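Structure record follows, encoded as structure tokens.
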Amino acid sequence: MKVQELLTEQKIRTAVVSHDEVNTNEKVLQAGYGWVYEKYCDQGFCSDWLAYEKQARDKKLGLWLDENPIPPWEWREKVVTKIFRIFMWPSRPGKIKNFLSMELLSPLMYTKK
């Protein structure tokens, strides 16, 4: 397996994954199980990826079976906001460290260590 990370603003936004010379990203998009984050996809292959996503949407494959699928970046934002709202309640300022660590939150964010 080969992973090529493409960095933007010191955060990983795109990674090209291939196995046995097969581009896994393209296969995932063609099957309808991937989403192109247009805001950060600025490589030459992005137009192909967007076309694969559109074809899967049109055929209602994978996650496109749902009438209102939620983009992962919107889902992450909602989850992180909810977590902070729960644990940063005014009566418990500063208690978030007792319940959560950045290790638990980091999968919801794109920070590269």
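Taking 0.36 nm per intervening residue step and subtracting the Cα-Cα distance, what contour gain separates A31 from K82 on full extension?
Working: separation 51, 0.36 × 51 = 18.36 nm, distance 3.10 nm.
Full extension from A31 to K82 adds 15.3 nm.
Each residue of region 38-45 in order: what ³J(HN,Hα) in whole Hz does its phi give by Karplus 6.51 cos²θ - 1.76 cosθ + 1.60, θ = phi - 60°, with x for Gly and Pro?
Here the 3J(HN,Hα) series is 4, 4, 10, 9, 10, 8, x, 7 Hz.
Express in nm, to one decimal, how much length is gained between C46 and W75 on full extension, taking 0.36 nm for each residue of separation and deducting their alpha carbon distance. The partial results should precede the final answer.
Details: separation 29, 0.36 × 29 = 10.44 nm, distance 2.23 nm.
Between C46 and W75, full extension yields an extra 8.2 nm.
Taking amide hydrogens as modeled 1.01 Å from N in the peptide plane, which residues meet the under 5 Å criterion relative to L6, leaving out close sequence neighbours?
R13, T14, A15, V16
I need to check one value: relative contact order of region 2-65, counting alpha carbon pairs closer than 8 Å and at least 6 residues apart, in percent. Don't skip to the end; give the middle numbers.
Details: 72 pairs, mean separation 17.1, N = 64.
Relative contact order comes out at 27 percent.
Quick one: net charge of K60's neighbours, Cβ under 10 Å, K/R +1, D/E -1? Intermediate values should be presented prior to the final figure.
Details: positive: R57, K59; negative: D58, D66, E67.
Residues close to K60 contribute a combined charge of -1.
Want the number for V16 to Q4: 0.36 nm per residue separation, take away the alpha-carbon distance, what's left?
Numbers: separation 12, 0.36 × 12 = 4.32 nm, distance 0.50 nm.
This chain segment gains 3.8 nm when fully extended.
We did not get these values from a lab; they are worked out from the coordinates using the rules stated. Here the structure is a predicted model, which means the values were calculated and not measured. A quick note on method: Cβ atoms are made from the backbone with ideal geometry, for glycine too, and the neighbour counts reach across all protein chains shown.
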